[in-house]
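Read the structure below first, then the notes.
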Amino acid sequence: MTRFGLAAMAALTLAFGSAAQACTSTVKADWQAQVKEARFGLTTPETNTTARTGFGTFTDYICSKLGIPARVFNASDYNGVAQAMNAGQIDIALVGPSNYAQMWMQSKGGVMPILTNLEVDGSKGYFSVLYVKSTSPAQKLEDLKGKTIAYADVNSTSGYLFPRAFMRAQGIDPDKFFGKTIFAGGHEQGVVAVVGGQADAGVTWSSLVGEHATGYSRGIFRRLVEQKLLKMEDVRVIGKFGPIVNGPVVVRSSLPQGFRDALTKALVELPKENPAAFRALASGESPGFAAVTHADYEAIVKMRQAEDQARRNR
């Protein structure tokens with residue numbers, strides 16, 4: 001195995017079940033001769049027990065719909081999912097837009113998006129939000145000059161790529177504007193850093209739809225509030241960037257069309273037939289999935305290419 005493949009396997013340190021469960025479905029299809037197992041990759045924090053519980057029935061659901069065993073693998077970070085997909089260790093991934101752009105660029109178009117989550121208002125977009133601790137005097141981005149910013153992950157759309165592109169468009173060089181930059185290691189960790197005083201501000205994702213007290217309908221605030229790890233009065237949103245099209249379900253382009261069609265149908269039916277599993281995938285409230293194509297993410301790919309070029313030029 002190549003070093004790239006080994007890195008991917010190392011990143012997939014946690015699997016929900018070390019082996020695929022036997023599939024007793026009677027579903028038969030021609031593509032089953034080529035696809036023996038549905039391997040899903042995603043990033044889910046250890047603290048997100050609601051999602052991890054919901055995935056317990058997801059593999060059974062996929063078996064019943066596709067007639068093949070399924071496994072859900074969890075990576076330690078965004079890059080782990082991208083590496084695993086490009087190394088052939090997984091076939092399907094639930095990722096953010098920037099993570100999809102990374103996969104698409106590295107695989108030279110070898111992956112494709114098929115679905116994304118809808119928001120409760122019917123839209124299919126979310127926002128990158130700039131937030132501070134509620135006691136902070138900062139009221140807007142300009143008030144953070146010389147302060148410490150906590151990014152979620154270099155491969156995050158809302159937690160790194162999009163806000164930096166927005167700042168550059170406004171004539172602000174994020175590498176010079178802030179006094180210090182830290183990478184928290186994830187969205188949840190970024191919130192912890194800001195509330196704990198290790199950073200003056202952070203960026204994360206939120207639908208910004210629904211009740212403020214619950215952390216809105218979807219996003220990191222919602223996830224942490226549900227787990228009783230955050231109260232919304234502890235943080236304050238002082239800026240938003242977007243909207244950004246929601247992250248896609250990505251599949252390997254080389255997979256048989258019949259498999260892709262069956263998978264798409266199964267996921268579209270998931271909210272009605274297995275609400276708990278769908279909620280785990282959606283990270284909050286969502287009425288269902290909507291179809292997407294690469295064209296929906298071309299702007300993100302261009303942002304990712306520009307960011308990568310800027311990093312090489314430093």
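Every read-out reported here was derived from the displayed coordinates using simple, explicitly stated rules and does not represent laboratory data. Just so it is clear, the structure is predicted and the values come from calculations on it, not from any experiment. A quick note on method: Cβ atoms are made from the backbone with ideal geometry, for glycine too, and the neighbour counts reach across all protein chains shown.
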Original post:
Got a sec to turn the phi values of the range 195-209 into Karplus ³J(HN,Hα) couplings, 6.51 cos²θ - 1.76 cosθ + 1.60 with θ = phi - 60°, whole Hz, x for Gly and Pro?
Top reply: 5, x, x, 7, 9, 7, 7, x, 10, 8, 10, 7, 6, 6, 10
Original post:
Hey, rough spin-label estimate for residue 181 and residue 227, points 7 angstrom out along Cα→Cβ, what's it come to in nanometres?
Top reply: 2.6 nm
Original post:
Where does each of 188, 119, 269 land when they are ranked from fewest to most other beta-carbon atoms within 10 angstrom?
Top reply: 269, 188, 119
Subject >> Within the chain, helix-based [θ] at 222 nm, where runs of 4 or more DSSP H residues each add -39,500 (n - 2.57), nearest 500 >> reply: -11000 deg cm²/dmol
Original post:
How about the range 177-258: which trypsin sites (Lys or Arg not before Pro) there lie in a loop by DSSP and see at most 16 other Cβ atoms within 10 Å?
Top reply: 228, 231
**OP:** Have a look at 187, 294, 212 and tell me which one the Gaussian network model of the chain (Cα, springs below 10 Å) gives the largest fluctuation.
**Re:** 212
Subject >> Viscosity 0.692 mPa s, temperature 37 °C, Stokes-Einstein D of the chain from Kirkwood C-alpha radius, µm²/s >> reply: 164 µm²/s
Subject >> √(5λ) per eigenvalue of the Cα gyration tensor, the range 106-202, largest first, Å >> reply: 26, 17, 14
**OP:** Convert each backbone phi in the range 166-175 into a coupling constant with the Karplus relation 6.51 cos²θ - 1.76 cosθ + 1.60 (shift: θ = phi - 60°), then list the ³J(HN,Hα) values in order as whole Hz, x for Gly and Pro.
**Re:** 5, 4, 4, 5, 8, x, 9, 8, x, 6
**OP:** Pop out the ³J(HN,Hα) list for the range 127-144 in order, Karplus 6.51 cos²θ - 1.76 cosθ + 1.60 with θ = phi - 60°, rounded to Hz; leave Gly and Pro as x.
**Re:** 10, 8, 10, 9, 9, 9, 5, 4, 8, 5, x, 5, 10, 7, 3, 4, 6, 9
Original post:
Which of 176, 124, 147 comes first, and how do the rest follow, when ranked by fewest Cβ neighbours within 10 Å?
Top reply: 176, 147, 124
**OP:** For the chain, find the longest principal axis of its Cα atoms and tell me its angle to the long axis of helix 257-273, 0 to 90°, nearest 10.
**Re:** 70 degrees
Original post:
Long-range amide H contacts for residue 201: which residues qualify at under 5 Å (H placed 1.01 Å from N, peptide plane, sequence gap of 5 or more or a different chain)?
Top reply: 148, 150
**OP:** Write down the Å³ per residue value for the convex hull defined by the alpha carbon atoms of the range 160-314.
**Re:** 144 Å³
Subject >> Those lysines that a straight Cα-Cα span of less than 19 Å connects to residue 28, excepting residues fewer than 8 apart in one chain >> reply: 36, 65, 265
Subject >> Cα-based helix-to-principal-axis angle, 298-313 vs the chain, degrees rounded to 10 >> reply: 60 degrees
Original post:
What list do you get for 172, 114 if you sort them by fewest beta carbons within 10 Å?
Top reply: 172, 114
**OP:** Sort all Cα-Cα distances of the range 62-164 into consecutive 5 angstrom bins from zero, then give the percent of pairs in each bin up to the one containing the longest distance.
**Re:** 2, 10, 16, 17, 17, 14, 10, 7, 4, 2, 1, 0
Original post:
Using the C-alpha atoms of the range 235-306, what convex hull volume per residue, in cubic angstrom, is computed?
Top reply: 137 Å³
Original post:
Any idea what angle helix 49-66 forms with the longest principal axis of the chain, computed on alpha-carbon atoms, 0 to 90 degrees, nearest 10?
Top reply: 30 degrees
